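Here is the structure we will look at, set down as structure tokens.
What follows is calculated from the coordinates using simple rules that are stated; it is not laboratory data. All of these numbers come straight from a predicted model, not from anything done at the bench. Here Cβ is always computed from backbone atoms with ideal geometry, including for glycine, and neighbour counts include all displayed protein chains.
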Amino acid sequence: MHPSNSPAGRLAAVGNQMIEIHLWLSAELARLRASLDTAGDARASRDLRAHCLTFCAALGRHHTGEDTGAFGLLAEQVPELRPVIANLITDHEVVAGILERVEALLTGDTAVPRTELRAELDGLAALLESHFRYEEKRLVGALNALTGRSGTAEELLGLAAPPHVSE
């Protein structure tokens, strides 16, 4: 086993860090969906917009990081994962479409259309739950087996793993 502060040790934990990021993103999405029930006034609406846009940006960064970092490395090192990676990239494109619709609902001067926003976020939650589990089941072992590569988990995954996940 590599020391955790060595470059190889950091990369050996990429799969585990991906799980931590997924848990954090799932918890943030659940919190965001719950906030739809409590957001009522203009200030709450601004807070809801900010929270939602921040979440959308974080999820987008994560998927872009995977597509340009971890997935390329895995496709090179473990060619048999290429069909899995192609499926995951297709999922990322679907998620990006949902995020675009969410962001469109949140722009403008009118109140946030909660019914439409809830429908998009509920669909996103269902898709992400399936996507995250599939990705973890198929890639974590391969990611954790990577050693001796330059880069950081943040570069490969688009986000740094949160210090702790609380739901």
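Spin-label pair R101-Y134: with each label point 7 Å from Cα along the Cα-Cβ axis, the two points sit 1.8 nm from one another. Eigenvalues of the alpha-carbon gyration tensor of the stretch 10-143, scaled by 5 and square-rooted, set the equivalent ellipsoid semi-axes at 31, 14, 12 angstrom, largest first.
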